[in-house]
């Protein structure tokens, strides 16, 4: 096992193995629940193997049976938290009416991206920044479906390319803001800037146009 005394800084970030039996599944769930509770209530400074044992009731040996280090456990907790974040009712922009203005759709998408990043960073900033790609749960195909739903408001020839651009802008911009400690700096203005950029890239040059965009390949 590669780890520091605190259980952080080692690799790999993924679990050592997955539980198979009901007892082991419950044990791992207890560990993840305790980890999330400690991070949410006490912050990352409160997380240690000893504290995890105290809150979860799981023996230290069992922690390292399933996770190579505490960082891998935290990473799994953050990954599942990100998945749950997207599964929350109303979280997806697809929950908006099909005739919603494109700007409203983009505002929802940008806001939720910022909210997810802020939540995960609040749980454990260092682990999130070290393994950001591990937590990305927004699929380009999901963005493509969203754009297809509002295609009558979009002027692009290839929605797949548009989806790639939107996904890349959202991920790379928020990631850069995080690394520069700027995610929470003027969040409303920053989000509106992103919305305007994306809207200008997707919407017809003529704001009065309401017809369908050009034929797509």
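The values are calculated or read from the model by the stated rules, or taken from the named source; none is laboratory data. Since we're looking at a predicted model, the values are computed, not measured. Note that each Cβ is placed from the backbone with ideal geometry, even for glycine, and that neighbours are counted across all protein chains shown.
Summary of computed values
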{"read-out": "Subset of the range 176-206 [farther than 26 Å from residue 149 by Cα, surrounded by fewer than 13 Cβ atoms within 10 Å (Cβ to Cβ) and in contact (Cβ under 8 Å) with a residue 24 or more places away in the chain]", "value": "179"}
{"read-out": "The range 81-99, residues that are out of contact with any helix residue (DSSP H, G or I) (no Cβ under 7 Å at 6 or more places or on another chain) and assigned to a helix (DSSP H, G or I)", "value": "83, 84, 86, 87, 95"}
{"read-out": "Flag if residue 6 is within 16 Å of residue 63 (Cα to Cα) and either at pLDDT 95 or above or surrounded by 15 or more Cβ atoms within 10 Å (Cβ to Cβ) (or both)", "value": "no"}
{"read-out": "Wholly within the range 100-217, helices (runs of 4 or more DSSP H) carrying at least 1 residues that are at negative phi and at pLDDT 90 or above", "value": "102-123, 125-130, 140-149, 159-179, 187-202"}
{"read-out": "Hey, residue 108 in contact (Cβ under 8 Å) with a residue 40 or more places away in the chain, under 17 Å from the mean Cα position of the chain (by Cα) and crowded, with 20+ Cβ neighbours inside 10 Å or not", "value": "no"}
{"read-out": "Failed condition for residue 25, given (1) in the same structural domain as residue 191 (by TED's automatic domain parsing); (2) assigned to a helix (DSSP H, G or I)", "value": "(1)"}
